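The values are calculated or read from the model by the stated rules, or taken from the named source; none is laboratory data. Everything numeric in this text was worked out from a predicted model, so none of it was measured. Counting neighbours? That spans all protein chains shown, and the Cβs are built from the backbone with ideal geometry, glycine included.
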Amino acid sequence: MIITNILKVIVLLFCVRSPVGAGGPEKIEIVASRFSYSPPEITLKRGEPVTLVFHSSDVTHGLTIPELGITAEIRKDKETEITVTPSQTGEFTGKCAYFCGKGHGSMTLLINVVD
């Protein structure tokens with residue numbers, strides 16, 4: 001009886017699978033460093049969730065894009081994840097939200113949202 005139950009569980013594990021792509025939103029890695037984001041520009045699709053995974057290579061940075069509801073604190077040696085589902089198309093410029101030095105004002109991330 002125990003062996004039968006174990007076999008049933010094994011069969012269920014192999015037969016019940018998530019559909020392809022159902023493992024969660026796509027992830028995009030973004031590195032913040034004085035005085036840029038890398039990559040400096042990304043393209044997202046309207047209505048499709050995506051997780052932005054931020055890393056800082058030097059100091060604490062931030063990112064704010066009010067139109068997309070994005071506000072993030074990006075600390076050195078810590079991963080910051082923000083999941084967003086864009087609802088409108090267009091070009092959106094994010095700016096560093098924490099003063100990180102002399103070039104801080106030019107630290108931007110461009111997000112293009114397309115259909």
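Annotation note: Cβ proximity below 6 Å between a residue of the stretch 38-50 that is in contact (Cβ under 8 Å) with a residue 60 or more places away in the chain and a residue that is of a type in the set (Asp, Glu) (sequence gap 6+ or interchain) occurs for Arg46/Asp115.
Looking across the stretch 82-105 at every residue that is in contact (Cβ under 8 Å) with a residue 24 or more places away in the chain and hydrophobic (A, V, I, L, M, F, W, C), the one that is farthest from Gly24 (Cα to Cα) is identified as Cys100. Annotation: of all residues in the stretch 65-100 being polar (S, T, N, Q) and at pLDDT 95 or above, the one that is farthest from Ile111 (Cα to Cα) is Thr80.
Residues of the stretch 66-88 that are in a strand (DSSP E or B) and in contact with a Leu (Cβ under 8 Å, 6 or more places away or on another chain): Ile70, Thr71, Ala72, Ile74, Glu81, Ile82, Thr83, Val84.
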